[in-house]
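Just below is one structure, and these are the notes that go with it.
The values are calculated or read from the model by the stated rules, or taken from the named source; none is laboratory data. If you're wondering where the values come from, they're calculated on a predicted model, not measured in any experiment. Neighbour counts run over all protein chains shown; Cβ positions are idealised from the backbone, glycine included.
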Amino acid sequence: MANAPVSLTPHAQAMLLAAGRGERMRPHTDTTPKPLLQVRGKPLLWYPLHALASGGVERVVINTAWLEDQIPAYFGEHFVENDATAVALDYSKEGRDFGGALETAGGIVRALPLLTDVFWVAAGDVYAPDFAFSTEAYERFKVSPKLAHIWLVPNPDHNTGGDFGLSPEGLALNLPRNAGHTFFTFSTIALYKHAFFEAAWCPIPAGNPEGVKAPLAAMLRAAMDQALVSASVFEGLWVDVGTPERLAQLNL
């Protein structure tokens, strides 16, 4: 059944992806959504929320699906931590509306009516405590002609082949797997403009009223082929907390 868009009043400057089932993290995720798993005494989702608050972001959308009532029950309508800016929280409930997660692009487009024209996106199950969601990066991207800016990281052991290349001019590259090319891993952290999700490579209407499930990678590659995606390399601590082993290692 089709559902109306979540809102027609865009206010949020960021979206955190928290809807996935976390199959590889079972049995932990049988009773707890992965973004609420504890890393060093705090839920995974706390870290990007804290970093966004420190960067001055005032409103964040969190998409939910698996065990989705637990996330708003934990964080409520506002995130406040120490002296950081209070962050208002909106929830895009994909489980309630469609019975499950809409994948990365489907989830972002579902929440698009809630988001300002330029907005951050990050995964709620990635641990990158030192990443700065800086106003300078936001403003620089806002006035650029690019439709997306992504942060790449050195390839971890579980993704040694990497995802994308990087040109000397700072363009993200959709490269063939030929010798001589240096690849990096997509951190999931990015800035986007609405226009990225309104271009020919995104056939889903804003608000995703039909609940179309769609990944993001193919859309990024299509935009890269048009030289519309810039990129930076983040050298700080970054962990895709995708397995019980990685979670345990972080908590040693």
Checklist entry - Has segment 155-163 got any residue that is surrounded by fewer than 13 Cβ atoms within 10 Å (Cβ to Cβ), more than 29 Å from R24 (Cβ to Cβ) and polar (S, T, N, Q)? => result no
Item to check | Checking P215 against (1) on the phi < 0 side of the Ramachandran plot; (2) more than 16 Å from the chain's Cα centre (by Cα); (3) part of a loop (DSSP other than H, G, I, E, B), the condition it does not meet | outcome: (2)
Checklist entry - Can you pull out the residues in segment 48-65 that are outside any loop (DSSP other than H, G, I, E, B) and buried (at least 21 other Cβ atoms within 10 Å of the Cβ)? => result P48, L49, A51, L52, A53, V60, V61, I62, N63, T64
Checklist entry - Taking A222, is it closer than 23 Å to G22 by Cα and hydrophobic (A, V, I, L, M, F, W, C)? => result no
Item to check | For P203: the one exception among (1) loosely packed, with under 15 Cβ neighbours inside 10 Å; (2) over 22 Å from N155 (Cβ atoms); (3) touching a residue at least 12 places away in the same chain (Cβ under 8 Å) | outcome: (3)
Checklist entry - Are any residues in segment 177-191 among the hydrophobic types (A, V, I, L, M, F, W, C) and closer than 26 Å to A105 by Cα, and if so, which ones? => result F183, F184, F186, I189, A190, L191
Checklist entry - Failed condition for F196, given (1) farther than 30 Å from D97 by Cβ; (2) in contact with a Cys (Cβ under 8 Å, 6 or more places away or on another chain), with all others met? => result (1)
Next on the checklist: So, in segment 66-116, exactly how many residues are assigned to a helix (DSSP H, G or I), β-branched (V, I, T) and either touching a strand residue (DSSP E or B) at 6+ places or on another chain (Cβ under 8 Å) or under 18 Å from L49 (Cα atoms) (or both)?
Outcome noted: 3
Checklist entry - When you look at G211, is it closer than 20 Å to A14 by Cα and at pLDDT below 95, yes or no? => result no
Next on the checklist: So Y192 ticks every box in (1) outside any strand (DSSP E or B); (2) closer than 30 Å to R40 by Cβ but one. Which box is left unticked?
Outcome noted: (1)
Item to check | Criterion: modelled with pLDDT of 95 or more, surrounded by fewer than 20 Cβ atoms within 10 Å (Cβ to Cβ) and not aliphatic (A, V, I, L, M) - qualifying residue of P129, P168, P145 | outcome: P145
Next on the checklist: Residue under question is V39, and the condition is that it be at pLDDT below 95 and under 12 Å from G124 (Cβ atoms); does it hold?
Outcome noted: yes
Item to check | When residues of segment 177-193 are limited to those that are more than 19 Å from L52 (Cβ to Cβ), touching a strand residue (DSSP E or B) at 6+ places or on another chain (Cβ under 8 Å) and not hydrophobic (A, V, I, L, M, F, W, C), the one modelled with the lowest pLDDT | outcome: H181
Checklist entry - Taking into account only those residues within segment 98-126 that are among the aliphatic types (A, V, I, L, M) and more than 21 Å from K213 (Cα to Cα), which is surrounded by the fewest Cβ atoms within 10 Å (Cβ to Cβ)? => result V118
Checklist entry - What's the number of the condition L252 fails, among (1) modelled with pLDDT of 95 or more; (2) closer than 30 Å to R26 by Cα; (3) more than 16 Å from the chain's Cα centre (by Cα); (4) among the hydrophobic types (A, V, I, L, M, F, W, C)? => result (1)
Item to check | Output for segment 77-97, where each listed residue is closer than 19 Å to L115 by Cα, surrounded by fewer than 16 Cβ atoms within 10 Å (Cβ to Cβ) and not β-branched (V, I, T) | outcome: E77, H78, A86, A88
Next on the checklist: Looking at segment 218-235, can you tell me whether even one residue there is under 17 Å from the mean Cα position of the chain (by Cα), at pLDDT below 95 and surrounded by 15 or more Cβ atoms within 10 Å (Cβ to Cβ)?
Outcome noted: no
